[in-house]
1. Among the listed residues Ala17, Ala27, Ala33, which satisfies the condition of being open to solvent by less than 70 Å² (accessible area, probe 1.4 Å), of a type outside the set (Phe, Trp, Tyr) and under 25 Å from Pro143 (Cα atoms)?
2. For region 73-98, enumerate the residues that are more than 7 Å from the ligand (Cβ to nearest atom) and surrounded by fewer than 18 Cβ atoms within 10 Å (Cβ to Cβ).
3. How many residues are within 12 Å of the ligand (Cβ to nearest atom) and surrounded by 14 or more Cβ atoms within 10 Å (Cβ to Cβ) when one looks only at region 50-72?
4. Condition check: small (Gly, Ala, Ser) and open to solvent by 50 Å² or more (accessible area, probe 1.4 Å). Does Ala112 satisfy that?
5. List pairs: first in region 171-193 and under 30 Å from Gly21 (Cβ atoms), second of a type in the set (Ser, Thr, Tyr) and open to solvent by less than 100 Å² (accessible area, probe 1.4 Å), Cβ under 6 Å, 6+ apart or cross-chain?
6. Regarding region 156-178, can at least one residue be identified that is over 30 Å from Arg98 (Cβ atoms), open to solvent by 90 Å² or more (accessible area, probe 1.4 Å), modelled with pLDDT of 95 or more and among the acidic types (Asp, Glu)?
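The values are calculated or read from the model by the stated rules, or taken from the named source; none is laboratory data. Since the model is a prediction, treat every value here as computed from it, not as a measurement. Positions of Cβ are backbone-derived with ideal geometry, glycine not excepted, and every protein chain shown enters the neighbour counts. Accessible surface is based on the protein model in full, side chains and every heavy atom, while ligands, DNA and RNA are left aside. Shrake-Rupley method; radii C 1.70, N 1.55, O 1.52, S 1.80 Å.
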Amino acid sequence: MYAEHEFNTSTFAARVATSTGTDFYSAIVAAIATLRGPLHGGANEAAMKLINSFKNVESVEKGIHELLAKKSLVMGFGHRVYKESDPRTPIIKSLALRLTHTHHEDSKFLIAEKIEEILWKEKQLFPNLDFYSALVFHYLGIPASFFTPIFVISRLSGWSAHIMEQRAHNRLIRPNAKYIGPAIKDYVLLKDRE
Ligand code: COA
């Protein structure tokens with residue numbers, strides 16, 4: 001599920017870098033620089049931090065309401081393209097559930113489900129792939145600091161395909177900007193400024 005996902009931010013960064021004619025490795029570095037941010041691939045690590053911040057299911061309601069009152073982003077929720085649900089979530093969630101059976105331990109899963117329930121009720125926000133991936137990685141015994149690197153390893157296939165496609169039909173990616181700031185002003189000499 002992590003292997004490829006259309007024009008997500010890191011893939012776009014890899015495409016932009018490639019369009020300059022840079023080498024393959026540099027394009028991957030551009031993608032990694034983008035993926036590590038918490039709004040993109042770094043969200044799975046941040047989601048684990050959130051789940052770990054609750055001792056039990058009972059404490060979730062108050063904690064999430066406090067976050068929402070502060071207008072904080074809840075990591076692992078929402079998506080720029082999907083607006084009602086992330087089609088990858090049911091698959092990764094069922095894997096997380098299966099792992100709770102293997103481990104005979106479901107406290108973190110129950111906390112995660114409670115977070116999901118409250119965010120849907122309060123904000124119609126749904127978990128994206130990163131939310132339950134965090135739990136899957138956790139139950140697999142992978143330290144949280146490796147969550148995003150695992151995402152990188154998986155997405156390398158998608159990035160590579162995009163880089164090859166960009167190279168095959170390359171044109172420099174250089175968008176225009178439309179200036180909408182203040183209109184032109186007269187220059188005031190330093191000595192005449194107040
Ligand atoms: N937690 C709290 N509020 C959120 C939210 C979240 N995770 N995601 C969106 N919202 C809020 C926005 O702040 C906005 O509120 P407003 O109308 O009061 O300003 C509203 O929901 C609509 O947001 P929307 O325009 O749909 O989101 P976006 O396209 O600007 O942002 C993300 C998309 C992914 C950047 C955003 O959902 C996010 O930051 N999520 C957390 C990070 C994450 O999980 N990233 C991995 C994505 S796969």
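1. Residue meeting the stated conditions: Ala33.
2. Val81, Tyr82, Glu84, Ser85, Pro87, Pro90, Ile91, Ser94, Leu95, Leu97, Arg98
3. Total satisfying the criteria: 4.
4. Numbers: small (Gly, Ala, Ser): yes; open to solvent by 50 Å² or more (accessible area, probe 1.4 Å): no.
When the stated conditions are applied, Ala112 does not pass them.
5. Leu172/Ser19; Ile173/Ser19
6. yes
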